[in-house]
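Working notes for the structure below.
The values are calculated or read from the model by the stated rules, or taken from the named source; none is laboratory data. This structure is a prediction, so every number in the text was calculated from the model and none was measured. Note: ideal-geometry Cβ built from the backbone for every residue, glycine included; neighbour counts use all protein chains shown.
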Amino acid sequence: MSQRAHDAVAAGYNSGSGIIADKNREVAAKLGERLRLRTGPLAVADLGVGDGAMLAQLAALGLPLVMTGLDVSPAMLKLAAARIPLKTVHAPAQRAREVLPAAAFDAVLAHFILAYVDRRTLLEQARGLLAPGGVLSLVTTTEEGGGPFFEGLDRFFLQSRNPLKRAIGRVCQRAIAQSHVPESFASLEAEIHAAGLVVLRRDTMRQHITFDDAAAAYRFGIEEGWAANFLAMPGVPVRAAQAIARWGTRQATYPFSFTHVIEMLEIGVAAPAEGAD
Ligand SMILES: C[S@@+](CC[C@H](N)C(=O)[O-])C[C@H]1O[C@@H](n2cnc3c(N)ncnc32)[C@H](O)[C@@H]1O
């Protein structure tokens, strides 16, 4: 997806409250316990580092971290560098192994980037970065709980008699089809195993979200980036896509509620099967 879309999201990214803040607090507390068991400086790479708030939360635990943040968005990397001392790497997570040292990281973080990065590729890249005994912290939404959203898309847009609304509906469908967010924990776990990895810890967070009006829907989807794929319409400048999204959010009826189901996983490399070479 276009770097410009992520740069635009950086301007309104909200890690101070809501889903990101809650997730950062929970993950840091649990991952911190695991990292405390390791000795010496701890190398941590955050793939899709965003504004660096997650690494800042981990660093606040007093762990001796040596931090690397990778992102496709220079604007996000700038926010992260202003927040914490870290090495920034401007690259897609799909190429992490080319730009970061192999088997070098005590922890690799990949939080909320499966909308943009193929799951199998991400798991392979992360696995190659992990030092022996290292942990991958993978956080993602799943499609569970998204029912009302898909019904709303159908009712307000795809079934509309207005051709502009139907066109917006198709853009949303395209954005959803481009996303690699898994259907469920079960489907993701099967892919984790296929990549030679194993889930060490699973916590599930359910966030009930209600938009009271169109402004709240726009803020969540576009400014905070939960529907960032929508901004990457081919040939459409980001500002025009934002204007279309602003108009589109006014076409639904409010209040509008749905549940974000968020899986917070700690993943390790699986032990070789007995009898394997
Ligand atoms: C929803 S934000 C999550 C940021 C952070 N991980 C967090 O949990 O707050 C997604 C981040 O992934 C970055 N991103 C999108 N596509 C990417 C890719 N292919 N490789 C690396 N980063 C990517 C975006 O620029 C953005 O910073």
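Taken over segment 90-129, residues that are aromatic (Phe, Trp, Tyr), in a loop (DSSP other than H, G, I, E, B) and over 21 Å from ASP203 (Cα atoms) amount to 1. Can you spot a residue in segment 2-11 that is polar (S, T, N, Q), near the ligand (Cβ under 9 Å from one of its atoms) and surrounded by fewer than 19 Cβ atoms within 10 Å (Cβ to Cβ)? So far as segment 2-11 goes, yes, one or more of its residues are polar (S, T, N, Q), near the ligand (Cβ under 9 Å from one of its atoms) and surrounded by fewer than 19 Cβ atoms within 10 Å (Cβ to Cβ).
Please verify whether segment 89-103 includes one or more residues that are away from the ligand (no atom under 15 Å from the Cβ) and farther than 17 Å from GLY196 by Cα. Among the residues of segment 89-103, at least one is away from the ligand (no atom under 15 Å from the Cβ) and farther than 17 Å from GLY196 by Cα, which makes the answer yes.
Would you confirm whether or not segment 53-71 contains a residue that is part of a loop (DSSP other than H, G, I, E, B) and within 12 Å of the ligand (Cβ to nearest atom)? No. The set of residues in segment 94-107 being farther than 27 Å from ALA232 by Cα and surrounded by fewer than 18 Cβ atoms within 10 Å (Cβ to Cβ) consists of PRO101, ALA102, ALA103, ALA104. Here PRO255 fulfils each of the conditions (1) crowded, with 18+ Cβ neighbours inside 10 Å; (2) touching a strand residue (DSSP E or B) at 6+ places or on another chain (Cβ under 9 Å); (3) farther than 30 Å from GLN125 by Cβ apart from (1). In segment 165-191, the residues that are aromatic (Phe, Trp, Tyr) form Cβ pairs under 6 Å with partners that are surrounded by 17 or more Cβ atoms within 10 Å (Cβ to Cβ) and at pLDDT 90 or above, at six or more places apart or across chains, as follows: PHE185/GLU263. Whether any residue in segment 72-93 is among the charged types (D, E, K, R), buried (at least 16 other Cβ atoms within 10 Å of the Cβ) and touching a Ser or Thr at 6+ places or on another chain (Cβ under 6 Å) is what I want to check. Within segment 72-93 (the criterion being among the charged types (D, E, K, R), buried (at least 16 other Cβ atoms within 10 Å of the Cβ) and touching a Ser or Thr at 6+ places or on another chain (Cβ under 6 Å)), the answer is no, since none of the residues qualifies. Applying the condition of being surrounded by fewer than 16 Cβ atoms within 10 Å (Cβ to Cβ) and modelled with pLDDT of 90 or more to segment 168-190 and asking which residue is nearest to PRO255 (Cα to Cα) yields ARG170.
Scanning segment 177-184 finds one or more residues that are more than 25 Å from ALA53 (Cα to Cα) and out of contact with any Asp or Glu (no Cβ under 7 Å at 6 or more places or on another chain).
Listed by position, the helices (runs of 4 or more DSSP H) inside segment 158-266 whose residues that are closer than 30 Å to ASP106 by Cβ number at least 1 are 185-194. Each residue in segment 13-36 was checked for being touching a strand residue (DSSP E or B) at 6+ places or on another chain (Cβ under 9 Å) and away from the ligand (no atom under 16 Å from the Cβ), and 2 of them qualify. Residue pairs whose Cβ atoms lie under 9 Å apart, separated by 6 or more positions or on different chains, with the first residue in segment 36-59 and closer than 9 Å to SER15 by Cβ and the second among the acidic types (Asp, Glu), are GLY50/ASP71; GLY52/ASP46; MET54/ASP46.
So that you can scan it fast, the table gives a plain yes or no per residue for (1) under 27 Å from ALA28 (Cα atoms); (2) touching a residue at least 60 places away in the same chain (Cβ under 8 Å):
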residue: LEU197; (1), (2): yes, yes
residue: THR204; (1), (2): yes, yes
residue: GLN207; (1), (2): yes, yes
residue: ALA216; (1), (2): no, no
residue: LEU231; (1), (2): no, yes
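State whether the residues of segment 263-272 include one that is within 16 Å of the ligand (Cβ to nearest atom), at pLDDT below 90 and under 16 Å from the mean Cα position of the chain (by Cα). No; the residues of segment 263-272 include none that is within 16 Å of the ligand (Cβ to nearest atom), at pLDDT below 90 and under 16 Å from the mean Cα position of the chain (by Cα). Can you confirm whether ALA45 is within 27 Å of ARG201 (Cβ to Cβ), within 12 Å of the ligand (Cβ to nearest atom) and outside any helix (DSSP H, G or I)? Yes: the conditions hold for ALA45. For segment 248-277, a residue qualifies if it is closer than 19 Å to PHE149 by Cβ and without any contact (Cβ under 8 Å) to a residue 40 or more places away in the chain, and the qualifying residues are THR249, ARG250. Scanning segment 88-112 for residues that are of a type outside the set (Gly, Ala, Ser) and in contact with a Gly (Cβ under 8 Å, 6 or more places away or on another chain) yields a count of 8.
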